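Enquirer: Pasting a structure here, questions to come.
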Amino acid sequence: MILDYVTRIRANISINTNIKATSILDGSYKSVFMGKSLNFEDLREYVPGDNIRDIDWKASSRSRMLLVKRYIAEKKHNILIVFDTGAKMLADTDKSQVKKDVAIYAAGTLAYLAYSNGDFIGSLYNNDGKMRFFPLRTRLYDVEHFLASYDKDVQKTKKSNLNKTLEYLLKNFKRKMIVFVITDMKGSADVSQPLLKKLICQHDILFININDADLAGDHSYDVEKEGYVPRFLSQDKKLLAMEQQLKKEIKAKNEAMLKHHAVISTDISAKEDITLKITDLLERHKYANIR
């Protein structure tokens, strides 16, 4: 099998990072389960260069010296990428890139990191009511397979039901996993909170939201109607202001909902942003009230 998708994603990582940034990305990924999948071992004295957020302040006050926690890492993690689907993923982002393509590159970046770390990586999504599950594997060929399949299936499917996919995940996966949900603003808004609450008791859940394009512009495409938005609508300033206000409100509501459930998320608009956005996502998850 030719690793077409994997090769392009690997090239994208190389183009948009230097050696230092790549090292940070790898390190962030490897410590994503800090405090959960890393088992506490002991305390040691603080040395310059240690992260201050690793300091055990109570133990330090008792011993009158700065002490940091040390952990033993599990060797392998189970990483599952849950894709949102439907015609909406064929629309553009606010940086004029197809949302489906940005989703593939984001998933591929995570999958490549998992592969580099020797972890198990799989994928799950809803294809017009039928679940497509790609079992947890450690090979790049398996990554290539689920990325290519998602790309092909999104071209065909019109329906999107992220809740059905998450329900399937809850009922059929008992092993603890870190789950990356790749969706958009509407997908996040439609997620059932009771369902999310149950999922976070069993898995680590992170959201990657692909930003939507604005209505304004000469090439605003309506995916539902399969045609360009009429110019008198796309150039209407009042309509644009209403749209921006609505998107602002939905985004704030989504962020509040995810924050309430201690779910870390990031917004991505372009392939060029993926590396730094994922680095930030993993770093924030590492220290998100898990100690």
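Enquirer: Dividing the convex hull volume of the alpha carbon atoms of segment 60-209 by its residue count, what do you get in Å³ per residue?
Expert: Expressed per residue, the convex hull around the Cα atoms of segment 60-209 is 157 Å³.
Enquirer: Fewest first, what order do 98, 82, 181 take by the number of other Cβ atoms within 10 Å?
Expert: Ascending number of Cβ neighbours within 10 Å: 98, 82, 181.
Enquirer: Let me ask another. Compute the separation of the alpha-carbon centres of segment 87-126 and segment 191-213 and state it in Å as a whole number.
Expert: Between the Cα centres of segment 87-126 and segment 191-213 lies a distance of 16 Å.
Enquirer: Rg/Rh for segment 47-125: what does it come to with C-alpha atoms and Rh from Kirkwood?
Expert: Rg divided by Rh gives 1.25.
Enquirer: Hey, another quick one. Dividing the convex hull volume of the alpha carbon atoms of segment 160-215 by its residue count, what do you get in Å³ per residue?
Expert: 71 Å³
Enquirer: When a footprinting reagent is the concern and you count Cβ atoms within 10 Å, what order do 261, 203, 77 take, fewest first?
Expert: By the 10 Å Cβ count, ascending, the order reads 261, 203, 77.
Enquirer: What are the lysines whose alpha-carbon lies under 16 Å from the alpha-carbon of residue 171, with same-chain residues fewer than 8 places away excluded?
Expert: Those lysines meeting the cut-off are 130, 197, 198.
Enquirer: Still on this structure, please answer the following. Just to be sure I understand: if I project the alpha-carbon convex hull of segment 107-182 onto a plane and average over all orientations, what area do I get in nm²?
Expert: Orientation-averaged projected area of the Cα hull: 4.9 nm².
Enquirer: Please arrange 246, 43, 110, 136 by how many other C-beta atoms lie within 10 Å of their C-beta, fewest to most.
Expert: By the 10 Å Cβ count, ascending: 246, 43, 136, 110.
Values quoted throughout were computed directly from the atomic coordinates according to the rules given, and no laboratory measurement underlies them. Model, not experiment: these values are computed from the prediction. Cβ coordinates were reconstructed from backbone atoms using ideal geometry, including for glycine residues, and neighbour counts include every protein chain displayed.
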